[in-house]
Every structure is written in C-alpha cells, then in structure tokens.
Amino acid sequence: MKWHRVCTAAALPPEYGVAALLGEDGAAVFRTAGDGLFAVGNVDPFSGAGVISRGIVGDRDGEPTVSSPMHKHVFSLRTGTCLDEPSVALPTYPVRYRGGDVEVGLT
Amino acid sequence: MTRTLVVVGHGMVGHRLIETLRSRDESGSWHVVVLGEEAHPAYDRVGLSSYLDGKTAADLSLVSQEFHTDPRVELRLNTGAAAIDRRNRTVTTTDGAVLGYDALVLATGSRPFVPPVPGHDLPGCHVYRTLDDLDVIREQATPDRPGVVVGGGLLGLEAANALHTLGMTTHVVEMAPRLMPLQVDEGGGHVLNRLIGDLGLHVHPGAATETIHADREGRVDAVTLSDGTRLDTDMVVFSAGVRPRDELADAAGLERGQRGGFLVDDRCRTGDAAIWAVGECAAVEGRCYGLVAPGYSMAETVCEQLLDLGDARFPGADMSTKLKLLGVDVASFGDAHAATDGALEVVYANNAAGTYAKLVLSDDARVLLGGVLVGDAGAYATLRPLVNRELPSSPEQLLLPAGGGVSTGALPDDAVVCSCNNVSKADITGVIDAQQAADVAGLKTCTKAGTSCGSCVPMLENLLTERGVSVSKALCEHFTQSRAELFEVIKATGITSFSELVTRYGSGRGCDLCKPVVASILASLGSPHILDDEQAGLQDTNDRFLANMQRNGTYSVVPRVPAGEITPEKLIVLGQVARRYGLYTKITGGQRVDLFGARVEQLPEIWRELVEAGFESGHAYGKALRTVKSCVGTDWCRYGVQDSVTMAIRLELRYRGLRAPHKIKAGVSGCARECAEARSKDFGVIATEQGWNLYVGGNGGFNPRHAELLAADLDEERLMVLIDRFLMFYVRTADRLQRTSAWIESLEGGLQHLRSVVVEDSLGIAADLESAMDEHTRDYTDEWSGVLNDPEKLSRFVSFVNAPETPDPTIRFTEQRGQIRPAPVELPVPTVRTDQEVSA
Ligand code: SRM
Ligand SMILES: Cc1cc2nc3c(=O)[nH]c(=O)nc-3n(C[C@H](O)[C@H](O)[C@H](O)COP(=O)(O)OP(=O)(O)OC[C@H]3O[C@@H](n4cnc5c(N)ncnc54)[C@H](O)[C@@H]3O)c2cc1C
Ligand code: SF4
Ligand code: FES
C-alpha cells in the first residue's frame, strides 16, 4: 500500500470534507468532531456525480455519517454502507495524520 | 336499470348527498339531475364571510372537476323547481321543462327572515345568505360610513364582522338583552357584549328595529329603534333568523311542520314514499336544524335508503357551535341553558382577561351536560365529546387550555370527536391502528374529520400521540426541540455556534437536518458571513458553494436582477460571461437569467466578473428571499395605477439575503389585472387607486394556493412595516422547510390570528420584529463579495484539494440546440462490503 498526501491537517476543519484526486474517481476525506479521519469514494453511487465530499457530516445513532448532497442518501463514514439502502456502499480507504498532513492509503 | 333522482337545490346538503351517492353507487343505478336556483354551483356557505376577506367564489366552491365531468350527474344552474306533480312523478322547472323522477330530494335550504317593519324593502336593505348578496353589499359599502345589522345572533355577528371588514362603522341591533341569546347565557353574553364593543362595534342590546327611513331619493338613510334611538345609516342588513324554504309544499300537497319546513319522518321521508327532504328545509319529526352537520347526517340517511344499504335513521343532532369573530372565541355545547331538571351550573369568569366559562352538570355533579365558553374556547374540542358522560376530572381541570385538561384516552370509543362530520373516536383510532393515516392530514383524507370548522384538530393530534404515532415537533434525533423553539433558545442564550448548541441543548453531533436549520437561524440572528469558521460545515452544499448543485455535480449561477429590470449593458455582461465559460443559459420563471454548468473551481472567477459588473448574489441557493417579480406598472402600461417596478425593487433590496425556514417569493402588480401573479407568492402586493393591497401565504409548486388579503389600501410606509412584521414573525416561528402558506395554515386561528399579530399587534411584538428587520437590512452585505475578498474561503472552491487546477473527470457534457448539457451517466456498479472486510 502506498500513502498519498491529501492536504495539511489545518486545511481540513472538524466536521468537514474535502475531495482528493486519487485513483480514478477521487476520494472524499472527512474529519469529524473528535478529530476522527475517514476516507470514502467521492462518487455518489445513486447519481454518478463526484460530490460526496460536499455532504454534511454528522452522526446517526452514534455512527459517523455523511449525507450525499445530491439526493440526501446517508452513508456510514466507517463502512461506506448507505444506511438508507444497505445494498449500496461507497469504497473506503485507510487514512492517517502524518507530520501535520493528512494521507490516504491506496493499494 | 338506471333510475332518475331529481335533487332540488344545489346547496351544501344537496351537494353532499349527490357526492356521497355517486361515490357509493358502484353499479351506476342512479342518474342525477340537480336544479340550482343560484348562478353558482354548491359552495361553502359556512365560510361565506371569507368571500369578503380575500377568498374567491372558486376558493369556496365545493365542486370538484370530476363532478362536472361525471356523465351521471346533470347540473342545471339558474333553474328553480316551480312545481311538483306527485301523481305523474314530475318536476316543472322555472324555465318550463318537465322532468320525470323515480326519487325526489328537496334540499332548498332556508331564506333569511326579514321582519315586516316599515321600510324593510327600501334600496339599501340587504340579507346575508348567498354570494350574490355579498356582491351587492361589497359594492354598496363605503368605508367609514355607518351600517346597521339587525340581529345579534351567530349570523348577525358574521354580518357585522363583514361590514366591519369592509371598513364601515357598524351597529348591531339585538332584541334580546345580550348577543347570541340562543347559544350564550346571561353571564357569557355580558362578556361577549364587552369584547365586541371593545373592537369598535356598537352593540344595541334589548332594542327592536321599529322603522327604516328613506332619504329623498328613496334610499335607506336612518333606522329608529324601540328605545327611541335614531341611527343614521347607509345600509341595513337583516340577519334575524331564517325560515325554511318550503314554498313547494302546498301546491304539491306535502305536509309542513308546525314552524314550517317539509315535514319528514326520522328517515327524512315525506308522506310520499318517493320524496325526501334534507338540510335546513326539512322538519325532521317537526324540527328544523340550522346547521350544516345535521344536514349532512340527513344526506347520509337518504343515501343509504336510495342505495338499499340499510335503514339508517337520522340520529338527532348536536347543536354545538364554536365561532371566532373579530378574534373573539365563542362556543356553546350540549345543554348550554341548563334546561335539564336539577342541572347545576359552575361558572368561571375572569373579567380582567375577558373570559367566561360555564359548565352545566347533572344534579349529582358527575355528568357533563353542556357549557358556554366566551373569550377563550380552547377547551371546546375536549369538552364537547364529553357531553352526557361522566366527568373524567374536576371541572376546573377541564377548563384548562386545549389538551391540558382532558386526555382523549378518557373518552369512550363512541364519543363523537368531529361533530361537523359525525366521526367518532373509534372511527379515528381504527384508521390510525390500521396504519392508514399517520398524521392529521391523513386523518382528514380518510375520515373527513377536521375538514369543516377545524375545532376538533387538537383532538386528532392527541389521538395520534396516544396511539403512539408521534406528531413530535422534534427536529431530528439530535434535537427534541422544533425549529421555532431552537430559535428562541439561540436568541435567548446568544449561542453562536452549532457545537455549543448541540452540546448544551441536544445530543450527538448533528446531521443534514439540524445543521442547516441552525445555520439558518444563526444567519437570521445576524451572524457575519454564512461561510465563517464552523458555519461552512453546517450548510447544505448549495449554501456552502453559494450556488445550486446540478445533477452532474456542476453548479448554476443566478445573479440578482431586482424586479426583472435589467440594463442592456448588464445583459451583455451576462452573455459575455456565459460565452467565456461555455455555460448553458436560460431565462428563469423568476424574471432573471440562470447560467448552468459551472465547475466548483470556476465559480469564484465567474462571480468576480459579475460582481465587477455590478451584480450580486441572487440567493437562488438559499432558504432566503428569491425574487420580487414585477409587472411593468404605470411607467409604461396603459392600465397601471401605481409604480409596481419601483415598489418591487424597493422590496427586493430590503429583504434580499434574509434567511428563513424556506424560500420566500414575492410579486408586485400595478393593477388588479395582476400580470405579476403576486397572489401566487409568499407575499404579493397589488396596486389599488388608493395604495396597495397586501396578500400573504401564496404558493406555487407542489401545493398551489392563492395568497389571501392581509390588509387593504396601504400607503408605502405602512405596507413595508406590515411586510417587515410578517416576514420576521415567519422567520421566528415557522417549522423547518415550511413555506408561508403551510405556516399560516398551521397557526391556530390561521389568517385571523396572523392579522391580529401583524396588523393589530396583539402580542405586542411589532416593534421588536420591525427593529430586527431594520437590523437585517442595515447589516446586509453581498455574500459573493464576502467570498471573493477572503482567501481562506476562496481556497475551498476546488474540485480536489491536492490538485486545485484539475477539473473533476466525472463531469462531461454533450451538446444540444447549440448549448452544453450534462452527458448521460453510467452509474458505477455499487460496492457492497461487510464490516469484517473493512476492519481487515
Ligand atoms: C431555474 C428555475 C426554473 C426555470 O428555469 O425557470 C427553478 C429551478 C429550481 N427550482 Fe424552482 N425554479 C424556478 C422557479 C420556480 C417557481 C416559479 C417562480 O418562482 O415564479 C416555482 C413555483 C412558485 C413557488 O415557489 O411557490 C418553483 C417551485 C419550486 C419548488 C416547490 C416549492 C414548493 O413550495 O412546493 C422547489 C422545491 C423546493 O424548494 O423544495 C423548487 C426547486 C428548484 C431547484 C432549486 C431544485 C434543486 O434543488 O436543484 C431548481 C434548481 C435551480 C438552479 O439550479 O438554479 N422550485 N420554482 C426557476 C428559478 C427562478 C429564479 O429566478 O430564482
Ligand atoms: C353567513 C353564514 C354562516 C354560517 N355559519 C355556519 C356555521 O358556522 N356552522 C354551521 O353549521 N352552519 C352555518 N351556516 C348555516 C349553513 O350554511 C347551512 O346550514 C347549510 O348551508 C344548509 O345547507 P342546505 O343545503 O340545507 O341549504 P343551502 O346551503 O342554503 O342550499 C339550498 C339551495 O337551494 C336553492 N333553492 C331553494 N329553493 C329552490 C328551488 N325551488 N329550486 C332550485 N333551487 C332552490 C337555494 O338557492 C340554495 O342554493 C351559516 C350560514 C350562513 C348564511
Ligand atoms: S419544475 Fe422541477 S425540473 Fe423544473 S426546474 Fe423546477 S424543480 Fe427542476
Ligand atoms: S368538529 Fe368541525 S371539523 Fe371536526
């Protein structure tokens, strides 16, 4: 696995997401309130548009989530599963802080 | 074989009968011919007064499109029945046609009683029963001139309310020593006399009308009363009771009740087995009923007989009434006059508050027999179904405001919850338990409960809650509060961040429901820029990028064009920008131009060019003021009576940027032709010769609704003040995503209540609302300029943080009619993973 730098940690505020050009379609990287880091695919599987990083971060019953801005489907940030339609999921990627930066791992 | 039913009279009851019959007559066994003497098909006579208060004849109509196209119903308007030939079973119409019938239903209603005092038929004397009557009254009413209503009963007060609404100085003459003598007892009557007097109406109790005098042209100009008082007046409206319209009886040899009306048995059948009578014209076992609910039960009874569905008998009627006139609540139910032997009366009067309540109890004080409420009728909905039942708690408890006093759980299953439509508790709980309805709207559709006077709606809410269907106002799993409650919390505590709010007043971390709501409230309360700090993460993507997301992840650009007025220079700039960035260009339904297909990283450059050319954000992305649509007005139009364009620009600039529970649209028309469609907007302003009429609560979209008149003939300053108050009150109290139309419907007391708050300042908050709006207007800055001047905000406008120059490869276009359009997408194959795979 290879780690790719996404941005500085300061550029990713809590409860916010950014998109990174990685692999073919990009990854959406989120930082939650407790400084948790999550990375999932950026393409909304219901519309095919690269918009997941622009969704609202939150939680459902304690599970960290992002809601797609296209048609409001809610996805688990941990597993990528769509909580409204569990047969659909986003890919997930390993992610870490490293020397003041945020990095995503790709195989 | 098809039989013919002739219905005489297309009023409320006649129409209900036909509607019910057609909905149940699956085999189509009846062909219906209905004769209506009026020019209008059946309309809501109960709501007649609202015709003077913004509603149109079309709004009041009870007739659906299907009814008009139903091949089995033939409606003849402007046609009366002149005679009945029982032997040959025919009806002769006033235009001479002869119609055969197998069954005949008489539904001719009542006529207003006009006392035979000298001068009762002079020009200027009117009655109050039909749309036509109201047209004449409206036409002849002159603001600030006196008008006299004869009769201080329920209908008399409606008529008085109407003259008051039309701006006349109104007198009410009532023979009894108090208003509403039939419904209200002496104590209640005094409170009522005072409350109505306080509103500027002149009440003359204990006086009869003796003579009506004419001026030299022979028109009404004064009335003398039995106590010698002489009242100068332009107009007299008789509202002193009604008489059943039974004039067809004699010639046809049909029997009449002692006090008039077609005499019928408890199946509503006359002495002739083929003829029934229903509604106000029927004397059921000798008694006539002047309310619509008993009429509906009669219609039901007759339908069952016509369709051989059973042998239902008219069950008798609940004569309870509740009304709200000029903001004064009055209700009476059951044995309001304590006529039952040994009945006890328990009275609670609060002179300071202007409220009066009386409960009538059985001699052992255990059973509720009836009651009277004046000033505050909040307890009516819970008390009425308890009539003739054992009291579930102490009388004081019962009089607490609606819902507070009695739980609906204490009601027996057969208690009638909606008396207008005769719906029992069991009917309602049945529908809830079968999961056919999960909210009040659903219950209305399934059972008709709550669809007439609306006073039972609080009970419907209670029943839903009790059956475990939550009608909770909770915003989402993170906040138990409603939007309006959160607004109050934020305002009172001065909290300025979502994280503090959710920690102190909520749970968890929030979601896409509560975050944008809180962002909107913070913005309404004057926080600096919607993308400052933590706020950015609260916004829906549209607000986060100050643009509307399109289906392929690109955005649209909509600059503000106040009132649709634009110079050629600015139009050219729009064209140049669109051409430079290859944007799809379209004129919107809101009188401005929309440029589609911009990638997120292009938005700042595009907007920089637009802002430099003098454009600003149009807030097409926000729950905020959208457009104030305008017609061209006096400057150009031959018919205009006011300068609508200048007014619309003024309004658009005053309210631009105002964050609200939902979007707000407005319109200004320069005359009554209404080319700006102002009445389909949240607020609409229509020019009159004297000034401006203000309409509120209109909506297009999913549930179209016309705006209703809030106030008339306003000058410019007063107009702005009322709109300030209206909008701020909406911003503070509406629910999430509730447009003004739904908000007004949800207010207890509806438009009347809104008018009392906004126009009459009944809550004493007008000054606060106005200064909040002043503050908003003063602090307004263009959101796009705010981004362009802030490098940190600008840095977020990239498709990819690690490759700011690279466009998103998923965005692709094709071409159509010379412009771009999103290329069709192939949806990616969804990935499905299990928890183990993820953690591995
Ligand atoms: C562009 C436009 C259609 C057009 O090409 O003419 C339009 C486009 C959209 N409308 Fe609209 N509406 C447009 C005029 C209208 C009108 C007519 C009007 O304003 O005169 C209506 C009916 C009037 C009304 O609102 O009462 C209208 C009723 C809606 C509704 C339903 C609202 C409702 O209460 O039922 C929605 C959905 C919503 O807001 O929840 C909606 C939502 C939308 C959205 C925002 C859907 C979305 O979420 O993407 C569309 C995207 C606009 C964009 O990207 O810029 N649009 N929309 C019009 C923009 C007007 C403007 O200049 O701002
Ligand atoms: C201002 C006002 C407010 C009211 N408020 C309330 C209220 O709050 N609650 C309540 O329960 N009730 C209220 N009512 C009473 C309610 O409107 C009536 O009880 C109801 O309309 C009775 O229905 P109906 O069909 O019997 O008579 P109507 O609705 O009067 O209809 C009878 C129709 O028959 C027509 N007709 C008569 N004779 C002939 C003929 N020979 N040939 C053809 N057509 C004929 C008439 O023109 C009329 O259109 C109110 C009435 C008024 C006027
Ligand atoms: S009507 Fe529907 S499709 Fe058309 S612009 Fe409005 S929201 Fe979009
Ligand atoms: S009681 Fe009037 S609508 Fe239910």
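Read the figures in this text as sums done on the coordinates, not as results from a lab. In this text, all values refer to a predicted model and were calculated from it rather than measured experimentally. All Cβ positions, even for glycine, are placed from backbone atoms using ideal geometry, and neighbour counts span all protein chains on display.
Summary of computed values
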quantity: Rule-of-thumb Rg ratio for chain B [Cα; 2.2 N^0.38 Å; N residues]; calculated: 1.10
quantity: Between helix B:483-493 and chain B: long-axis angle, C-alpha atoms, 0 to 90°, nearest 10; calculated: 60 degrees
quantity: With Cα atoms, 0 to 90° folded angle of helix B:568-581 axis to chain B main axis; calculated: 60 degrees
quantity: Trypsin sites (Lys or Arg not before Pro) within region B:334-391: DSSP coil, no more than 14 neighbouring Cβ in 10 Å; calculated: B:R366
quantity: Average beta carbon contacts from partner chains per residue of B:799-811, 10 Å cutoff; calculated: 6
quantity: Under the Karplus curve 6.51 cos²θ - 1.76 cosθ + 1.60, θ = phi - 60°, whole-Hz ³J(HN,Hα) for region B:31-48, x wherever Gly or Pro sits; calculated: 9, 10, 10, 10, 9, x, 6, 6, 7, 9, x, 3, 9, 7, 5, 4, x, 3
quantity: Packing rank of B:530-536, B:596-602, where each peptide gets the mean count of other beta carbons within 10 Å, highest leading; calculated: B:596-602, B:530-536
quantity: Overall Cα dimensions of region B:483-526 - principal axes, largest extent first, Å; calculated: 24, 18, 16
quantity: Top positive-direction residue, dipole computed over region A:2-106 with Cβ charges, set A:V51, A:A9, A:C82; calculated: A:A9
quantity: DSSP-assigned coil residues among chymotrypsin sites (Phe, Trp or Tyr not before Pro) in region B:761-812, each with at most 16 further Cβ atoms within 10 Å; calculated: B:Y780
quantity: Partners for B:K623 among lysines (Cα-Cα distance below 24 Å; same-chain residues under 8 apart left out); calculated: A:K72, B:K473, B:K491, B:K515, B:K586, B:K663, B:K665, B:K681, B:K793
quantity: Per-residue ³J(HN,Hα) for region B:620-626, Karplus 6.51 cos²θ - 1.76 cosθ + 1.60, θ = phi - 60°, Hz, x for Gly and Pro; calculated: 5, 8, x, 7, 7, 4, 8
quantity: Degrees, to the nearest 10: B:766-779 long Cα axis against longest axis of chain B; calculated: 20 degrees
quantity: Which of B:H776, B:L179, B:T429, positive extreme of dipole for the protein assembly as shown (C-beta unit charges); calculated: B:H776
quantity: Proxy reagent accessibility, fewest Cβ within 10 Å first, across B:I811, B:I428, B:I275; calculated: B:I811, B:I275, B:I428
quantity: Debye equation applied to the C-alpha atoms of the protein assembly as shown, log10 I(q)/I(0) at 0.06, 0.10 Å⁻¹; calculated: -0.55, -1.24
quantity: Low-density loop positions, chymotrypsin sites (Phe, Trp or Tyr not before Pro), region B:688-718 - DSSP coil, at most 15 other Cβ in 10 Å; calculated: B:F702
quantity: Simple Cβ-charge dipole of region B:36-82, Lys/Arg +1 and Asp/Glu -1, about Cα centre, in debye nearest 20; calculated: 60 debye
quantity: Exposure proxy ranking, count of Cβ atoms within 10 Å, fewest first, for A:S76, A:S47, B:S27, B:S785; calculated: B:S27, B:S785, A:S47, A:S76
quantity: Residues of type aspartates and glutamates that B:K629 reaches as a straight line, Cα spacing below 14 Å, ignoring anything fewer than 8 places off in the same chain; calculated: B:E565, B:D643, B:E652, B:E674, B:E677, B:D682
quantity: By average C-beta atoms within 10 angstrom, highest first, the peptides B:515-521, B:211-217, B:615-621; calculated: B:515-521, B:615-621, B:211-217
quantity: Cβ crowding within 10 Å averaged over residues, with A:8-15, B:182-189, B:92-99 ranked highest first; calculated: B:182-189, A:8-15, B:92-99
quantity: Contour minus Cα-Cα distance for B:S27 and B:L122 (0.36 nm per residue); calculated: 28.9 nm
quantity: Peptide-level mean, for A:6-15, of C-beta atoms on other protein chains within 10 Å; calculated: 3
quantity: Among beta bridges that DSSP assigns inside region B:33-114, antiparallel share in %, nearest 5; calculated: 75 percent
quantity: Three principal axis lengths of region B:690-828 [C-alpha, angstrom, descending]; calculated: 59, 36, 31
quantity: For residues of B:503-516, the mean tally of beta carbons on other chains within 10 Å; calculated: 4
